[in-house]
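The values are calculated or read from the model by the stated rules, or taken from the named source; none is laboratory data. Just so we're clear, the structure is a prediction, and the values are computed from it rather than from any experiment. With ideal geometry, Cβ positions are generated from the backbone for all residues, glycine too; neighbour counts draw on all protein chains shown. When the accessible area is computed, the model is the full protein with side chains, heavy atoms only, and any ligands, DNA or RNA have been set aside. Shrake-Rupley method; radii C 1.70, N 1.55, O 1.52, S 1.80 Å.
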Amino acid sequence: MGRPEKPLPTDQFNRGLLELAYWLRERRKESGLRYIDLAARTQNTQHPCSVSTLQRAAGGISVPRLPVVEAYAHACGASADPARRYWREARAQSRRGPSVTPVPRLINTPAELRLALQAAYAKAGYLPLREMERRAAHGRLPTTTVSRMLQGMTMLSRSQLQAFLEVCDIPAKDHDDWLDAWQRATSARFHRATRELAAAVQPRRRVIEYERRGHGHFPSPQWPTHRLFQGYTRDAAAAYADSRSGVPVGRVPGSAGAFKAEPPHGR
């Protein structure tokens, strides 16, 4: 059986990590295999591991990578499902997650949905984004999109949300609640902006946009985009410009007289 393993560290405050290390050690004892035997069993798998890598995984000092934990469990002849649960708990305790977790059935806005997804991501063990993309497969969950969502910069599409739920091992019976929450959040996101813009802009008005470049008269590629607000009041023109730039639509104090911009060079 080789040399006995070192005892688990007593100064480790991550209880989830100690439970993971203890579970791995128990599976190895039940299998009756040495670490060199476990390493040999992993060589023909998708994630081959060395002896030292497997020993560190059960050392209780730092949280190992999830593929290593799964390879360790498979080499011992054990199921990877409990291994993933222990790993997620260890990762979740190693970082501070959101203090508030919205219930999917009560979610109505994009901000609430993002907060709930951030909490689900933390509960899933802060799985590395590249690992999430690999597990989702077929480009269903791009790392850049998930990163921007976790930072509050964008929303996932419906198909991306479905892949996110699967990768985070959220029970299938809860998927409908999450998808319904996504539908409500998406509706609130677009309908609110539409209502505010419609209230600010008077009917039967239109905005003409054009670029001062690419027409031979302005060779510099740095000319900004200019707009002609034809027939708009100042308030409506400001509201439209705000809506195009991502700023919440609002009314700007000033004269309500007609405002019409002249095109460059009298065009």
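In plain terms, the C-alpha convex hull of the stretch 30-177 casts an average shadow of 9.9 nm² when viewed from every direction. Simple rule: put +1 on each Lys or Arg Cβ and -1 on each Asp or Glu Cβ in the stretch 47-183, find the dipole, and look at 161, 55, 104; the Cα lying farthest toward the positive end is 55.
Would you please put 169-177, 42-50 in order of how densely packed they are, using the mean number of other Cβ atoms within 10 angstrom per residue and starting with the highest? Display every interim value, and only then the final one.
Values: 169-177: 12.2, 42-50: 13.9.
Ranking, from highest mean packing down: 42-50, 169-177.
Rounded to the nearest 20 debye, the dipole magnitude of the stretch 1-131 is 140 debye, with +1 charges on Lys and Arg beta carbons, -1 on Asp and Glu beta carbons, and the Cα centre as origin.
Rolling a 1.4 angstrom probe over the protein heavy atoms, how many square angstrom per residue are accessible across the stretch 1-116? Walk me through the intermediate numbers first.
Details: 7010 Å² over 116 residues.
Here the per-residue accessible area is 60 Å².
Length available on full extension from residue 80 to residue 166: 0.36 nm per residue minus the Cα-Cα distance, which gives 29.4 nm.
One chain, two ends: residue 187 and residue 175. Fully extended at 0.36 nm per residue, the span grows by 2.5 nm beyond their Cα-Cα distance. How much net charge surrounds residue 116 when only other residues with a Cβ under 14 Å from its Cβ are counted (Lys, Arg +1; Asp, Glu -1)? In short, 0.
Of the heavy-atom accessible surface of the stretch 77-123 (probe 1.4 angstrom), what whole percent is carbon and sulfur? Write out the running numbers ahead of the final one.
Numbers: 1340 of 2750 Å².
Roughly 49 percent, rounded to a whole number.
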